[in-house]
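Here the structure is laid out as structure tokens; the discussion comes afterwards.
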Amino acid sequence: MKTVYARPKCMKEAHFHYCPGCGHGVITRLIAEVVDEMELRDKTICVAPAGCGMLVYNYFDIDTIESAHGRGAAVGTGIKRVRPENLVFSYQGDGDLAAIGTAEGFHAANRGELISIIFVNNGVYGMTGGQMAPTTMLDQVTTTSPAGRDSVIQGHPVKICEVYATLDGTSYLERVAVNKPAAIIKTKKAIAKAFRHQQQKTGFSLVEILSPCPTNWKMSPLDACKWVDDVMTKVFPLGLIKETKKC
Amino acid sequence: MSGNSAVGEAAVLAGCTCYFGYPITPQNELTEYMAKRIAEVPGGVFIQSESEIAAINMVLGASAAGARAMTSSSGPGISLKQEGVSYLAADELPAVIVNMMRGGPGMGNISPAQSDYLQATRGGGHGDYTIVLAPASVQEAADLVHVAFDLADTYRNPLVVLGDGMLGQMMEPVTFTTPAKKKEYPKEYVLTGASGRPARMIRSLLFDTKEEEEHNWKLFRKYQLMEQNEVRYETFLLDDADMALLAYGIAARIAKGAIKRLRQEGLRVGLIRPITLWPFPKKIIQETAKQLADFFVFEMSTGQMIEDVKLALEGKGHVHFYGRPGGVIPTPVELSRIVARHYYQSKQGKKT
């Protein structure tokens, strides 16, 4: 019998804690598949965030360190500078990277640190129960924007890829999604590309992944997937934002 | 050589290969020294970070990757670093943090002060944790940096070197020692990529309260070992004294000057100088309390170490205090006059 689908080698025998319909499980698995296919398990060091993605270290069978909330890019910088031969990536959510860790991410990108950030954008603080994030849509209702996000009071959704694109240290920035099979295949390719950019030392790389959060969006998983297309991609257009060299 | 530069040179000689820092006076010479010096070290890493928070987290990353890493700052910057220091303690990662204290609170000023004693010795971040070394000269600063890196590796714990603006800025001759053979420490926790071994994980999040409690007791047992083994202090003219001055760092230098003057006038005053502020040298204070009743605490603050002195004395003796906060540095003459007044008042009180 031919095996067509199996657990990636660099994933542990553990059950995901993610909510039904959440994009994190897909993304976690995609990273593991890429690490397997590029045969990078022995070289990879993952920096886990604070937030829903925090427990990736329970799933990856690769060396992992947890960072304080928002400091993933700084921790990753420290590791990569000591061990330039390793592949270092941080896994960060929107609150982690676009709010509390704005400075760390921005300056790691500007220094052209040879690390990759897998940036999961689901527009809310998931782990803490669905508060407004920097990437929350205008008019989106969250527990801390009960009347909907109002740009006059709460500002606008932050576009990390577009901001980072202005920095000369960045070499690869792409926005993808995990709300349907075709998009998932593109996401996997983008993760692999980011890692190749790191290996070829072209500069800082980041993949922004639009990811459904049905629990905190208070939608069914299917509606959440549709909402990514109908609403999120209007503010966060998918596609290659920047690539300084083909990898 | 200035204290700041001496600390930098000593760190490099102690095997520090990574320095991360953010500019703040009065410790900029250390950052600047490392910018040049680390470049000469094989595998040396220097980053002027975007903030103190980033710097301490880079230290955490470098330490997890197996390097001897250091950062330095002063009061306001150290406050920002506390988050990372707490994580280093929880993750059991070695690192050295130098604080050249200045006047506070808030922005305060850039003059020498000892305003961060409680922050350093009580663990300024969340949780309890760290050994604090307080050098009183440029030479001792250089020597203690070696000790700091070794203790950090021995206990897998962050370590604070607590100086002040004066120690950082002043120039004194200094002799550097290079350890003949670098001690090897077990590095089974270091992240290298899981080549030919199971994956490693460094974390402080323990959702299970039972696990978190056990982790806390494990750390506690480690701190108890430090308390047993790492107490350091110096005494000066204490044997025949009937009043003991207590001061650390630069304040102890001033106190020594004052004591020399007081001795010329026939006042029998001695000194206990804590070198480790945590663990605090309680025993020598308790032993001294059998010989004399008067303890005089002198600090460049409104009184922080005095709490530890009182805790050590457990209600025994009489504790006098003189402090100057805000970056004011009293002269030995000024201090000697105040000590003399207390000394005579105390004698008077005993007669009546």
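Only the coordinates and a few stated rules stand behind these numbers; no lab work does. This is a predicted model, so every value here is computed, not measured. With ideal geometry, Cβ positions are generated from the backbone for all residues, glycine too; neighbour counts draw on all protein chains shown.
Quick look at the values:
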quantity: Percent of C-alpha pairs per 20 Å bin, chain B, short to long; calculated: 31, 54, 14, 1
quantity: Nitroxide proxy distance, nm - points 7 Å out along Cα→Cβ at B:Leu311 and B:Asp239; calculated: 3.2 nm
quantity: Amide N of region B:309-352 lying under 15 Å from the label point, which is placed 7 angstrom from the Cα of B:Thr302 along Cα→Cβ; calculated: B:322-328
quantity: Estimated vicinal HN-Hα couplings, Hz - region B:36-53 in sequence order (Karplus 6.51, -1.76, 1.60; Gly, Pro = x); calculated: 7, 6, 5, 4, 7, 8, x, x, x, 10, 10, 10, 7, 7, 7, 6, 5, 5
quantity: Counting DSSP beta bridges with both ends in chain A, the antiparallel % (nearest 5); calculated: 25 percent
quantity: Long-range HN-HN contacts of A:Ile209 with modeled amide H, under 5 Å; calculated: A:Phe119, A:Val120, A:Asn121, A:Val176
quantity: Fewest-first sequence of A:Met38, A:Met137 by Cβ atoms within 10 Å of each Cβ; calculated: A:Met38, A:Met137
quantity: Approximate spin-label separation B:Lys222-B:Glu334, in nm, with each point projected 7 Å along Cα-to-Cβ; calculated: 4.2 nm
quantity: Karplus-derived 3J(HN,Hα), 6.51/-1.76/1.60, for each residue of region A:46-61, Hz, glycine and proline x; calculated: 9, 9, 8, x, 9, x, 4, x, 3, 7, 4, 5, 7, 10, 6, 9
quantity: Per-residue Cβ neighbour rank within 10 angstrom, fewest leading, B:Arg261, A:Arg7; calculated: A:Arg7, B:Arg261
quantity: Convex hull volume per residue in cubic angstrom - Cα atoms of region A:19-135; calculated: 94 Å³
quantity: Exercise: per-residue mean of other protein chain Cβ atoms within 10 Å, B:187-197; calculated: 5
quantity: Viscosity 1.002 mPa s, temperature 20 °C, Stokes-Einstein D of region B:123-211 from Kirkwood C-alpha radius, µm²/s; calculated: 130 µm²/s
quantity: Cα→Cβ-extended label distance, 7 Å offset, between A:Lys201 and A:Asn110, nm; calculated: 2.4 nm
quantity: Within region B:184-271, GluC sites (Glu not before Pro) in DSSP loop having at most 10 other beta-carbon neighbours inside 10 Å; calculated: B:Glu184, B:Glu188, B:Glu265
quantity: Region B:141-277: proportion of alpha-carbon pairs further apart than 21 angstrom, %; calculated: 64 percent
quantity: Average other protein chain Cβ within 10 Å of Cβ, residues B:260-273; calculated: 0
quantity: Region A:101-180 - percent relative contact order, Cα under 8 Å, separation 6 or more; calculated: 27 percent
quantity: For region A:1-65 versus region A:169-206, the gap between their alpha-carbon centres in whole angstrom; calculated: 16 Å
quantity: Length-normalised contact order of chain A in % [C-alpha pairs under 8 Å, at least 6 apart]; calculated: 19 percent
quantity: Built amide H within the under 5 Å cut-off of B:Trp278, gap 5+; calculated: B:Val132
quantity: Amide H within-cut-off set for B:Val297, under 5 Å, with H built and near neighbours excluded; calculated: B:Leu246, B:His320, B:Phe321, B:Tyr322
quantity: Theoretical FRET efficiency, 1/(1+(r/R0)^6), r = Cβ-Cβ of A:Lys9 and A:Glu85, R0 22 Å, to 0.05; calculated: 0.55
quantity: Anchor B:Lys181: lysines whose Cα lies under 27 Å away (excluding residues fewer than 8 positions away in-chain); calculated: B:Lys36, B:Lys222
quantity: 20 Å reach of a label modelled at A:Val235, 7 Å along Cα-to-Cβ, counting backbone N of region A:174-205; calculated: A:174-180
quantity: The protein assembly as shown - share of DSSP beta bridges that are antiparallel (%, nearest 5); calculated: 20 percent
quantity: Packing-based exposure ordering (other Cβ within 10 Å, fewest first) of B:Lys181, B:Lys222; calculated: B:Lys181, B:Lys222
quantity: Quarter of the Cα convex hull surface for region B:16-81, i.e. its orientation-mean projected area (nm²); calculated: 3.9 nm²
quantity: Cα long-axis angle, helix B:209-229 against chain B (0 to 90 degrees, to the nearest 10); calculated: 50 degrees
quantity: Directionally averaged shadow of region B:273-352, computed from the convex hull of its alpha-carbon atoms, nm²; calculated: 5.9 nm²
quantity: Estimated translational D of the protein assembly as shown in µm²/s (Stokes, Kirkwood radius over Cα pairs; 4 °C; 1.567 mPa s); calculated: 50 µm²/s
quantity: Filter on A:Lys80/A:Lys189; B:Lys316/B:Lys347; A:Lys159/A:Lys246; B:Lys290/B:Lys350; A:Lys12/A:Lys43; B:Lys81/B:Lys182 - keep pairs with C-alpha separation over 20 Å; calculated: A:Lys80/A:Lys189; A:Lys159/A:Lys246; B:Lys81/B:Lys182
quantity: Distant alpha-carbon pairs in region A:121-247 (separation over 27 angstrom), percent; calculated: 23 percent
quantity: FRET E, pair A:Lys226, B:Phe207, Förster distance 51 Å, beta-carbon r, rounded to 0.05; calculated: 0.95
quantity: GNM top mover of B:Ala244, B:Ala293, B:Ala62 - chain B, alpha-carbon springs below 10 Å; calculated: B:Ala293
quantity: Per-pair calculated FRET efficiency, R0 = 22 Å: B:Asn109 and B:Ser51 via Cβ, rounded to 0.05; calculated: 0.55
quantity: Relative contact order, percent, region A:49-103 [alpha-carbon distance under 8 Å, six or more residues apart]; calculated: 44 percent
quantity: Hz values of 3J(HN,Hα) by residue in region A:235-247 - Karplus curve (6.51, -1.76, 1.60), Gly and Pro given as x; calculated: 8, 10, x, 6, x, 6, 9, 7, 8, 7, 8, 5, 10
quantity: Label point at A:His17 placed 7 Å out along Cα→Cβ; residues across region A:52-76 whose backbone nitrogen lies under 19 Å; calculated: A:52-72
